[in-house]
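For reference, the structure is listed below as structure tokens.
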């Protein structure tokens, strides 16, 4: 019996056995990246509307994570320890983009890579997506590159880089998440208008 008690004591001191949750441990908070704009009801689709295939938004390996990113100094990046996205930003952004474009009714929107044949292809890359915390409360910076390609001619129709800098209301992860959703909505506004304009 003494040997069993001694073994339990050794395991507890080594941190291998958990005898209960710590009351002061910090829980991870999960944030939803959202389109904060009031998206109108889906418009009636014209029978002659072109089919737009939308690729999933790509990101660098650092941003291809569920962790919220920040920077305290130029040329550096870090990740919040107790704040996570419910979905990785690139995947979530492309879902929000498809929903926004589909609601406009100007295109038949489909996911690229499936069996649907398209007229045009939209390729997007999330280049920067972080809380610039170099001064309080900081700014959410979003940089997105977009390319529209004509699938019939395989030609680049147009290309543009979109940039947003949204001030945070609070100097914390919650403030960064809210500003990220606002930056996303603004980018979707500009991207939708850009797609609707002639090249």
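The values are calculated or read from the model by the stated rules, or taken from the named source; none is laboratory data. As the structure is a computational prediction, the values presented were derived from the model and not from experiment. Note that we place each Cβ from the backbone using ideal geometry, even for glycine, and neighbour counts take in every protein chain shown.
From the list 116, 143, 111, which residue is within 23 Å of residue 65 (Cβ to Cβ) and modelled with pLDDT under 95? It would help to see each step written out before you state the result.
Values: 116 fails: within 23 Å of residue 65 (Cβ to Cβ); 143 fails: modelled with pLDDT under 95.
After ruling out the rest, the residue left standing is 111.
Given the conditions (1) closer than 17 Å to residue 83 by Cβ; (2) touching a residue at least 60 places away in the same chain (Cβ under 8 Å); (3) touching a helix residue (DSSP H, G or I) at 6+ places or on another chain (Cβ under 6 Å); (4) not in a strand (DSSP E or B), report the number of the one that residue 177 does not fulfil.
Against the list (1) closer than 17 Å to residue 83 by Cβ; (2) touching a residue at least 60 places away in the same chain (Cβ under 8 Å); (3) touching a helix residue (DSSP H, G or I) at 6+ places or on another chain (Cβ under 6 Å); (4) not in a strand (DSSP E or B), residue 177 comes up short only on (3).
Kindly indicate whether residue 166 is under 17 Å from the mean Cα position of the chain (by Cα), crowded, with 18+ Cβ neighbours inside 10 Å and free of Cβ contacts under 8 Å to residues at least 40 places away in the same chain.
yes
Suppose the filter is outside any strand (DSSP E or B), surrounded by fewer than 18 Cβ atoms within 10 Å (Cβ to Cβ) and touching a residue at least 12 places away in the same chain (Cβ under 8 Å); does residue 159 pass it?
Judged against the criteria, residue 159 is not a match.
I'd like to check something: does the range 87-103 contain any residue that is surrounded by 18 or more Cβ atoms within 10 Å (Cβ to Cβ), touching a helix residue (DSSP H, G or I) at 6+ places or on another chain (Cβ under 8 Å), farther than 17 Å from residue 32 by Cβ and in contact (Cβ under 8 Å) with a residue 40 or more places away in the chain?
Taking every residue of the range 87-103 in turn, at least one turns out to be surrounded by 18 or more Cβ atoms within 10 Å (Cβ to Cβ), touching a helix residue (DSSP H, G or I) at 6+ places or on another chain (Cβ under 8 Å), farther than 17 Å from residue 32 by Cβ and in contact (Cβ under 8 Å) with a residue 40 or more places away in the chain.
Residue under question is residue 38, and the condition is that it be out of contact with any strand residue (DSSP E or B) (no Cβ under 9 Å at 6 or more places or on another chain), surrounded by fewer than 16 Cβ atoms within 10 Å (Cβ to Cβ) and over 24 Å from residue 181 (Cβ atoms); does it hold?
Working: out of contact with any strand residue (DSSP E or B) (no Cβ under 9 Å at 6 or more places or on another chain): yes; surrounded by fewer than 16 Cβ atoms within 10 Å (Cβ to Cβ): yes; over 24 Å from residue 181 (Cβ atoms): no.
The answer is no for residue 38.
Name the residue, out of 116, 28, 143, 32, that is under 13 Å from the mean Cα position of the chain (by Cα), touching a residue at least 40 places away in the same chain (Cβ under 8 Å) and more than 20 Å from residue 157 (Cα to Cα).
Result: 32 is the single residue among 116, 28, 143, 32 that is under 13 Å from the mean Cα position of the chain (by Cα), touching a residue at least 40 places away in the same chain (Cβ under 8 Å) and more than 20 Å from residue 157 (Cα to Cα).
Going by what's in this entry, would residue 84 be described as out of contact with any strand residue (DSSP E or B) (no Cβ under 8 Å at 6 or more places or on another chain), buried (at least 17 other Cβ atoms within 10 Å of the Cβ) and not in a loop (DSSP other than H, G, I, E, B)?
Answer is no for this residue.
Kindly provide the set of residues from the range 180-199 that are farther than 22 Å from residue 137 by Cα, in contact with a strand residue (DSSP E or B) (Cβ under 9 Å, 6 or more places away or on another chain) and either in a helix (DSSP H, G or I) or modelled with pLDDT of 95 or more (or both), ordered by number.
190, 191, 194, 195 - these are the residues of the range 180-199 that are farther than 22 Å from residue 137 by Cα, in contact with a strand residue (DSSP E or B) (Cβ under 9 Å, 6 or more places away or on another chain) and either in a helix (DSSP H, G or I) or modelled with pLDDT of 95 or more (or both).
Out of the residues in the range 119-137 meeting the condition of being touching a residue at least 40 places away in the same chain (Cβ under 8 Å) and in a loop (DSSP other than H, G, I, E, B), tell me which one is nearest to residue 84 (Cα to Cα).
Among those residues, the one meeting the criterion is 133.
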